[in-house]
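Only the coordinates and a few stated rules stand behind these numbers; no lab work does. Bear in mind that the values here come from a model prediction, so they are computed numbers and not experimental data. Positions of Cβ are backbone-derived with ideal geometry, glycine not excepted, and every protein chain shown enters the neighbour counts.
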Amino acid sequence: MKFRFPVVIIDEDFRSENISGSGIRDLAEAIGKEGMEVVGFTSYGDLTSFAQQASRASCFILSIDDEEFGSGSDEDVSIALKAIRDFITEVRKRNNDIPIFLYGETRTSRHISNDILRELHGFIHMFEDTPEFVARHIIREARKYLDCLAPPFFRALMDYASDSSYSWHCPGHSGGVAFLKSPVGQMFHQFFGENMLRADVCNAVDELGQLLDHTGPVSASEANAARIFNADHLFFVTNGTSTSNKVVWHSTVAPGDIVVVDRNCHKSILHSIIMTGAIPVFLMPTRNHYGIIGPIPKSEFDPETIRKKIEANPFARKAKNKKPRILTITQSTYDGILYNVETIKSMLGNTIDTLHFDEAWLPHAAFHPFYRNMHAIGEGRPRSDETLVFATQSTHKLLAGLSQASQILVQDGTNRKLDTHRFNESYLMHSSTSPQYAIIASCDVAAAMMEPPGGKALVEESLHEALDFRRAMHKADEEFGKDDWWFKVWGPLPQSEEGVGDRDDWVIHEDDTWHGFGRIESGFNMLDPIKSTIITPGLNLNGEFDEDGIPAAIVSKYLAEHGIIIEKTGLYSFFIMFTIGITKGRWNSMVTELQQFKDDYDHNLPMWRVMPEFAAKHPQYERIGLRDLCSAIHSVYKEYNVARITTDMYLSNIEPAMTPADAWAKMAHRDVERVSIDELEGRVTAMLVTPYPPGIPLLVPGERFNATIISYLKFARDFNSRFPGFETDVHGLVRESVDGEDRYFVDVVKD
Ligand SMILES: *Cc1c(COP(=O)(O)O)cnc(C)c1O
């Protein structure tokens, strides 16, 4: 397989008509003749951005020749040496292994200090050997470096795909050949490229190992990732963390078991409850009036509080075994709230069989001291005695994984180790027998990318950009001043002028006023700054509406029409993320687009001008001004006091009438009926009911509709009829047109 990893030469004289210039060009030519690409630069330029591009290099050759040392005075020499030292330091922050050569004509290693010499792979004296000899020496080192780059599975997959064997196994497209037999197939083939299709193989290929049995190169990769993530065991999963969660649950939960679950959990956890037949007892997170979900208060983790919850639950109370089988919390909520895992572990002791942290949004945390103790598993973390700790992570959400790339990490207890054979039975229960090999390779590569020191540098960079974004937004705010408006980024203000600053700024303290979660015990939680919730004007932290306001749904539709897609939109907030794929260009465009929005809003420009695509789809808005439309939607939110109903419905007292699995059984047996939302009160839902925003399940199958929830559903109905195009989506509601009127129903258990 041929890769493009050029040899990079940095020499002021690379293009000069002098001896030293012609010397280095001879070397470049000799390297080129050996089949290796060469790129020459004449200066170090911006060190940080250069080091970033440097991941494409196979080696560096840095000049310390006479010209760069200027007149040769001590001062000139030390300036040149400093440039070299800075460059090498910057490269080594990310990469311990890439070969670096110095070359010169008269200077020798005597002029170079030890800290630089230590990082070098050689010192070249240009005119002592032939360029061909020097070139071969450099290429040998560069190849050695490239040969060690690929982690085990990715390497094996590349070898397999490039060795062109005829396959009789599935997939039936046979390395892409099937696509070539039709025009649209040709198009598909050209779009995705031959390698993707050649590498799409099936588990009949022995030399790649088996994901489902964890053998061969797959197993070597999992072991490699376990080492990098500091876990005792690590399993790649190719069907997303939705599946990872079910695997963890089914490995330890059986019908009738009590489970303790974050009420703000992902639907895959609720599916796990249904599938295992468990009896859930919920931990209730706080919420603020922006609709942002806060932490579960520390007191909820007190075993005595959990015992009382069990006694108060009509089903759990009757369970034979009162020790909860598993406790699952969302470690990093969607808005970036984290828990101190060590505090939770020590509070719970051995009172719960298995702890599970759903770290779908947190695979980066293990690589930076910024997140110390605020993630489940990592270097030097103490073990529980009897409790296994699981973390499930969506590699694809914040690291460089393909969609559905996920992993399960395990920390053994001191006196209890995971039995991997038994665990794998649950793994098999939820895995496809035809895993996608490109996803396995991306799990492998995503882990290898985080290998020290690169991982820390990558995380530091996203933290850095996230903080710079917050600083830029704050600066704009200050410039607009009190009499004007601007968007706010939720969270504390960065206290430092630049860099990542002090992690304690992001730890939540009891007297902080920015979050609106009430009294939160100091040190138990932190906000991950790479999750940025942007607040639009119109609603304050107490749930009071301003005279005028800008519903976030309009801003995010505006941004979408300008090529910026938002992760999640709330009532007066929307959410963006600084993954390791973030670039300065990306977040700066966000700032400028928001400025553009403000300008269009302040001038109340008509919708047909500012959002032409949306206006074409919904002509009723064409001639309305942007500001007038914002005001119209704002006033409906205000009329329904929607911030308060959403908070109230999530905090309302919800009565479980049957276990989720029993309610599901009614559904499977069609022992359900479709009831209009006007007649829902008191009925037991058979569906998961989830409003978007915020996308957090509101009712679990088996729970009863109360008046607060129904008033929200009526709001959604009314709002949707008044503002088509801005519909509030509630999953679980069935919308049917009856005599030209939209009516809403829910499937409930027959009385
Ligand atoms: C996204 C998500 C999941 C599911 O992850 P996928 O990889 O999309 O299947 C699980 N838990 C939480 C908290 C999530 O946000």
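Viscosity 0.692 mPa s, temperature 37 °C: give me the Stokes-Einstein translational D for the chain in µm²/s, with Rh taken as the Kirkwood radius over C-alpha pairs. If you can, show how the numbers build up before the last one.
Details: Rh = 29.2 Å.
It diffuses with D of about 112 µm²/s by this estimate.
Relative to the longest principal axis of the Cα atoms of the chain, the long axis of helix 437-449 makes an angle of roughly 70 degrees. Sparse packing (at most 13 other Cβ atoms within 10 Å of the Cβ) combined with a DSSP loop state is found for the following GluC sites (Glu not before Pro) in the stretch 419-503: Glu497, Glu498. Compared with the alpha-carbon gap, the fully stretched path from Ser22 to Thr343 is longer by 109.1 nm at 0.36 nm per residue.
Computed from label points 7 Å out along Cα-Cβ, the spacing between Ala668 and Ala616 is 4.8 nm.
Its Cα centre serving as origin, the stretch 359-460 has a Cβ charge dipole (Lys and Arg +1, Asp and Glu -1) of approximately 120 debye. Partner lysines whose Cα lies under 21 Å from the Cα of Lys144, excluding those fewer than 8 positions away in the same chain, are identified as Lys2, Lys33, Lys93. Distance between the pseudo-spin-label points of Leu146 and Asp648 (7 Å out from Cα toward the beta carbon): 6.7 nm. Here the gap between Ile564 and Arg56, fully extended at 0.36 nm per residue and compared with their Cα-Cα distance, gives a gain of 180.1 nm. Ignoring aspartates and glutamates fewer than eight residues from Lys531 along the same chain, the ones with Cα atoms less than 16 angstrom from its Cα are Asp335, Glu359, Glu460, Glu461, Glu465, Asp468, Asp505, Glu567. About its Cα centre, the dipole of the stretch 171-249 is roughly 260 debye, where the only charges are +1 on Lys and Arg Cβ and -1 on Asp and Glu Cβ. Qualifying trypsin sites (Lys or Arg not before Pro) in the stretch 460-544, where qualification requires a DSSP coil assignment and no more than 11 other C-beta atoms within 10 Å, comprise Lys482, Arg519. With the cut-off at 1.5 for a/c, could you classify the stretch 652-749 from its C-alpha gyration tensor as rounded, prolate or oblate? It comes out prolate by the Cα gyration axes. The residue among Ile124, Phe235, Ile580 whose Cα reaches farthest toward the positive pole of the charge dipole of the chain, with charges on the beta-carbon of Lys, Arg, Asp and Glu, is Phe235. For Lys617, go through the lysines and keep the ones whose alpha-carbon is under 24 Å away, minus same-chain ones fewer than eight residues off. Within reach: Lys557, Lys568, Lys598. Give the calculated FRET efficiency between Asp97 and Asp159 to the nearest 0.05, with a Förster radius of 22 Å applied to their Cβ-Cβ distance. Here the calculated transfer efficiency is 0.60.
Using DSSP to call loops (not H, G, I, E or B), can you name the trypsin sites (Lys or Arg not before Pro) in the stretch 544-641 whose Cβ has at most 13 other Cβ atoms within 10 angstrom? Those satisfying the criteria are Arg623. Dividing the convex hull volume of the alpha carbon atoms of the stretch 316-427 by its residue count gives 137 Å³ per residue.
For the chain, what does the helix formula give at 222 nm: sum of -39500 (n - 2.57) over DSSP H segments with n ≥ 4, over the residue count, nearest 500 deg cm²/dmol? Write down the numbers at each step before the final one.
Numbers: 25 runs with 286 residues, N = 751.
Value at 222 nm, helices only: -11500 deg cm²/dmol.
Think of the chain as having a plus end and a minus end, set by charges on the Cβ of Lys, Arg, Asp and Glu; of Ile508, Leu594, Tyr145, Ile508 sits farthest toward the positive end of this dipole.
Full extension of the segment from Asn604 to Ser113, taken as 0.36 nm per residue of separation minus the current Cα-Cα distance, would add 170.4 nm.
Projected label points at Ser721 and Glu194, each 7 Å from Cα along the beta carbon direction, are separated by 6.1 nanometres.
Projecting the Cα atoms of Pro6, Ser652, Gly104 onto the charge dipole of the chain, computed from C-beta unit charges around the Cα centre, puts Ser652 farthest toward the positive end.
Helix 454-480 and the longest principal axis of the C-alpha atoms of the chain enclose an angle of approximately 60°. Taken along its principal axes, the alpha carbon cloud of the stretch 211-336 reaches lengths of 50, 40, 23 Å, longest axis first. Relative to the longest principal Cα axis of the chain, at what angle does helix 74-94 sit, 0 to 90 degrees, rounded to 10? Taking Cα atoms only, the helix is inclined about 40 degrees. Charged side chains reduced to their Cβ positions (Lys and Arg at +1, Asp and Glu at -1) give the chain a dipole of some 2700 debye around its Cα centre.
When the alpha carbon gyration tensor of the stretch 455-640 is reduced to an equivalent ellipsoid, its three semi-axes come out at 30, 20, 14 angstrom, largest first.
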